[in-house]
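For reference, the structure discussed in these notes is given below.
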Amino acid sequence: MKVVGLTGGMGMGKSTVAAMFRQAGIPVFDADAVVRQLQADHGAALGRIAELVPQAVTAGHLDRGVLRRAVLEQPGLLRQLEAILHPMVRAARTVFLARNRRQGARCVLLDIPLLFETGGQRVCDQVLVVSAPARVQAERVARRRGLPRAEARRLIARQMPDAMKRRLADTVIDTGVSLGATQRQVRSLIKALKA
């Protein structure tokens, strides 16, 4: 089974590209969806998050705005949160890979924003990085999260630089172009992976 990693910074189009793989019949592991599940009402990670940021969790519900502000104000908090969530996401990834191997999948996609940062590329045969110009990325993040552009740029600055991810990639998918152009890039990749 070929394991393909998909990564890139926030606002770069990972979800759009992952959806294209899904539509082509390739099983997709969505790390963000796993994190959302872990942080959902009464999710498995909430108790430990509440120990770090008590005001962010009330009656089994996470206030994401409170948590986001705490992360921006406390430099070491993000690493502490990652130490809680990353092992849980890795466990879910292991289950996904084992299930797809048993089911005879020829190829799977691991959609993991922090693929390089967590060493996840080590389980991949090939790594794809989605990338767009910085201006486009900041606009997308600001619009999607309802943030001022300056705050969006601060969030982006906390991530591994796009240039570094591009250097580490086997393939870069340009998502700063039209949707049709991105689709053509992805269709060509999928055709090569299925060959």
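The values are calculated or read from the model by the stated rules, or taken from the named source; none is laboratory data. Computed from a predicted model, the values in this text were never measured in an experiment. With ideal geometry, Cβ positions are generated from the backbone for all residues, glycine too; neighbour counts draw on all protein chains shown.
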- Item | Selection count where residues are touching a Lys or Arg at 6+ places or on another chain (Cβ under 8 Å) and either acidic (D, E) or within 16 Å of L85 (Cβ to Cβ) (or both), scope region 11-31 | 2
- Among the residues of region 54-70, which ones are under 18 Å from A40 (Cα atoms) and assigned to a helix (DSSP H, G or I)? P54, Q55, A56, R64, G65, V66, L67, R68
- Query: Taking region 118-174 as the region of interest, how many residues are touching a strand residue (DSSP E or B) at 6+ places or on another chain (Cβ under 6 Å) and within 11 Å of G11 (Cα to Cα)?
  - Reply: 2
- Those residues that are of a type in the set (G, A, S), under 28 Å from A105 (Cα atoms) and touching a residue at least 12 places away in the same chain (Cβ under 8 Å), I need them from region 8-54; list them, please. G8, G9, G13, S15, A18, A24, A31
- Note on the structure: Picking from Q185, Q159, the residue that is surrounded by 13 or more Cβ atoms within 10 Å (Cβ to Cβ), assigned to a loop (DSSP other than H, G, I, E, B) and either under 19 Å from the mean Cα position of the chain (by Cα) or assigned by TED's automatic domain parsing to the domain that holds D111 (or both) would be Q159
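Can you tell me how many residues within region 108-143 are surrounded by fewer than 12 Cβ atoms within 10 Å (Cβ to Cβ) and in a helix (DSSP H, G or I)?
2
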- Can you tell me how many residues in region 1-53 are under 21 Å from A163 (Cα atoms), part of a helix (DSSP H, G or I) and either among the hydroxyl-bearing types (S, T, Y) or at pLDDT below 95 (or both)? 3
- Task: Report yes if some residue within region 96-107 is in contact with a Cys (Cβ under 8 Å, 6 or more places away or on another chain) and either over 16 Å from R158 (Cα atoms) or not in a loop (DSSP other than H, G, I, E, B) (or both); otherwise report no.
- Result: no
- Message: Of all residues being charged (D, E, K, R) and over 19 Å from the mean Cα position of the chain (by Cα) in region 39-68, which is farthest from R90 (Cα to Cα)? Just the residue, please.
- Response: D63
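Matching residues to (1) of a type outside the set (S, T, N, Q); (2) under 20 Å from R22 (Cα atoms); (3) over 16 Å from the mean Cα position of the chain (by Cα); (4) modelled with pLDDT of 95 or more:
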position	(1), (2), (3), (4)
D111	yes, yes, no, yes
T118	no, no, no, no
P133	yes, no, yes, no
V141	yes, no, no, no
G146	yes, no, yes, no
R149	yes, no, yes, no
